[in-house]
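Report on one structure; see the data block that follows.
The values are calculated or read from the model by the stated rules, or taken from the named source; none is laboratory data. If you're wondering where the values come from, they're calculated on a predicted model, not measured in any experiment. No Cβ is skipped: glycine too gets one built from the backbone with ideal geometry, and neighbour counts run over all protein chains shown.
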Amino acid sequence: MLYFSRFKIIMITIALLLGIILAAPNLLNEQTRESLPGFLPKETINLGLDLQGGAHMLLEVDIDDVMNRVLTNELSAVKLSLREAKIIATNITQDGKTITGRVAKAEDIGPAMTAMGDLAVSIKDNQIGGAKTLKIEQVGERGFRITPTEDYVDDIKKRTVDQSIDVLRNRIDPTGTTEMTLAPEGDSRILLQVPGAKNVGEIKARIEDTANMSFHLVREADENELRRAVDQGKVRPLHILKFDDGGVPYILKERPEVTGEDLKNSSAGLHPEGGYAIVNFTFNTKGAVAFGRTTSNNLGKRFAVVLDDVVISAPRINGAILGGRGFIEGDFTSESARELSLLLNAGALPAKLVVVEEQTVGAELGEDSIRAGKVAASVGLLGVAIFMFFMYGFRFGLFANLALTFNIILIAAALSLLGATLTLPGIAGIILTIGMAVDANVLIFERIREEAANGRPPLNAIDTGYRLSMAPILDANITTLIAAATLYFVGSGPIRGFAVTLMIGIVMSVFTAVIVARLFTSIWHKRARPKTLPI
């Protein structure tokens with residue numbers, strides 16, 4: 001029906017005005033945007049690395065460090081399995097590649113191999129007969145050697161790289177709106193591109209922070225014991241020596257009571273009494289139980305928070321902390337508390353990352369690309385506008401071109417509102433949308449022309465044209481939308497940028513071509529009451 005209620009007209013008008021308001025900041029310079037009243041939007045479309053420059057880095061994962069930690073864990077498991085089997089072994093060590101050792105008695109080598117055999121498990125959980133993690137061999141009469149299999153090493157590399165990419169994405173782009181590129185490069189490197197990065201040092205700092213957090217009970221020690229520990233580097237068994245930022249030493253239990261792996265979320269805040277910056281945290285169920293048990297059983301003792309081997313604070317436990325909630329206090333500023341909460345939420349990196357290649361990409365090429373994109377868009381718009389005027393006359397051509405103009409405005413508004421990043425492929429998606437947007441108008445106008453030629457009156461012809469064209473328009477756009485969504489979820493980087501603009505363009509083109517253009521047509525018909533259609 002061509003009839004629009006007052007409510008529908010108001011809602012469509014509000015949508016169009018809102019689109020103009022959201023898109024307008026893209027036409028203003030930064031100084032003008034900042035001077036706008038606070039209630040007006042200031043968000044603009046972010047430009048990608050190929051348009052505005054930014055940071056390009058190649059990161060290498062320290063696989064040797066990962067393997068060393070893996071073998072250290074396996075070493076503890078070997079000692080435990082031999083101890084449970086009541087077998088005495090000596091010189092059990094690991095060198096980052098293998099674990100070696102000897103049993104005290106030759107007759108114990110068989111039972112020892114059997115006890116350690118359970119450590120060689122399938123790489124994939126619940127996979128029977130699959131590749132194993134370890135290769136366990138007998139060396140001589142009393143010796144043994146344990147080596148990670150090639151499949152296990154490859155699996156560790158892949159998992160480490162994948163986990164590092166996930167953590168970096170959460171650290172650098174926690175909102176998920178920056179169209180940065182994070183992709184594996186080979187088996188131990190990661191490609192990172194951040195469009196529009198103005199502070200490369202901040203990005204590097206986030207990369208270099210491992211953010212390994214743990215909570216340890218502090219062993220009370222007098223000044224003499226602390227001095228001996230610092231001078232000789234020796235502490236009691238099952239204890240470690242750590243320092244805070246000021247160099248103050250602490251003797252901690254080596255085994256943490258709770259680790260950052262049990263952290264559910266964290267946020268910056270203010271101390272409820274002192275008003276200074278703190279970091280609030282919440283543990284998952286496992287962490288909450290362990291934290292509550294530790295604080296309940298160790299009243300009066302000190303509980304140290306260790307981040308990347310540095311003691312942040314070591315407050316005394318004054319009461320049981322139940323519910324898995326608490327806060328970390330230290331020498332924080334508001335900014336450092338926010339940064340720490342961001343790192344903790346993103347998670348700890350599974351390995352150290354080293355920047356092996358770093359480039360700052362200039363925007364000179366981007367300026368040329370933007371200029372070429374503007375020319376292409378302008379030529380495309382002009383060509384489409386002339387075609388619509390030529391094919392369907394001034395009035396219906398004007399309705400189609402106005403709808404197309406609002407389509408582009410609404411695309412810009414949506415991209416600005418989402419804070420999405422526009423890349424060269426994204427510009428291609430917008431230009432493609434310009435052509436696709438008038439497809440719906442062509443279908444509608446051709447159907448109206450056909451109905452008018454069959455003798456239907458203007459109102460009936462227009463109504464029938466819009467009504468019967470709806471099904472093919474939706475079919476065509478929904479199938480394209482599915483393809484664009486597939487590109488978004490499967491692709492990465494520039495491909496996702498193209499998919500985003502295409503999906504937004506499809507939705508806006510249907511809205512403007514089917515609803516906005518019909519509203520213009522309805523208003524014109526109501527006022528002009530034509531006897532014949534000028535189409």
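Tabulated data
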{"quantity": "Residue check, residue 101 modelled with pLDDT of 90 or more and either of a type in the set (A, V, I, L, M) or outside the structural domain of residue 422 (by TED's automatic domain parsing) (or both)", "calculated": "yes"}
{"quantity": "Filter result for residue 465 (part of a helix (DSSP H, G or I) and within 24 Å of residue 13 (Cβ to Cβ))", "calculated": "yes"}
{"quantity": "Yes/no for residue 399 being touching a residue at least 24 places away in the same chain (Cβ under 8 Å), part of a helix (DSSP H, G or I), exposed (fewer than 15 other Cβ atoms within 10 Å of the Cβ) and aromatic (Phe, Trp, Tyr)", "calculated": "no"}
{"quantity": "Residue that is modelled with the lowest pLDDT, among those in segment 153-201 that are hydroxyl-bearing (Ser, Thr, Tyr) and more than 16 Å from residue 495 (Cα to Cα)", "calculated": "175"}
{"quantity": "Residues (part of a strand (DSSP E or B), more than 13 Å from residue 341 (Cβ to Cβ) and not β-branched (Val, Ile, Thr)) located in segment 271-321", "calculated": "283, 302, 303, 304, 313, 316"}
{"quantity": "Looking only at segment 23-70, and only at residues there that are of a type in the set (Asp, Glu) and at pLDDT 85 or above, the one that is farthest from the chain's Cα centre (by Cα)", "calculated": "64"}
{"quantity": "Of the criteria (1) surrounded by 15 or more Cβ atoms within 10 Å (Cβ to Cβ); (2) within 25 Å of residue 192 (Cβ to Cβ); (3) at pLDDT below 80, which one residue 335 fails", "calculated": "(1)"}
{"quantity": "Pair list, Cβ under 9 Å, 6 or more apart: segment 475-492 residue in the same structural domain as residue 508 (by TED's automatic domain parsing), other residue charged (D, E, K, R) and surrounded by 11 or more Cβ atoms within 10 Å (Cβ to Cβ)", "calculated": "476/439; 477/439; 487/496; 488/496; 489/496"}
{"quantity": "Residue within segment 92-112 that is over 25 Å from residue 354 (Cβ atoms) and in contact with a Pro (Cβ under 7 Å, 6 or more places away or on another chain) present", "calculated": "no"}
{"quantity": "Long-range neighbours under 9 Å by Cβ, at least six apart or interchain, first residue over 21 Å from residue 64 (Cα atoms) within segment 82-105, second assigned to a strand (DSSP E or B) and polar (S, T, N, Q)", "calculated": "91/100; 101/90; 101/91; 101/93; 102/90; 102/91; 103/90; 104/90"}
{"quantity": "Lone unmet requirement of (1) touching a residue at least 12 places away in the same chain (Cβ under 8 Å); (2) buried (at least 16 other Cβ atoms within 10 Å of the Cβ) for residue 394", "calculated": "(2)"}
{"quantity": "Flag for residue 368 being exposed (fewer than 15 other Cβ atoms within 10 Å of the Cβ), modelled with pLDDT under 80 and within 27 Å of the chain's Cα centre (by Cα)", "calculated": "no"}
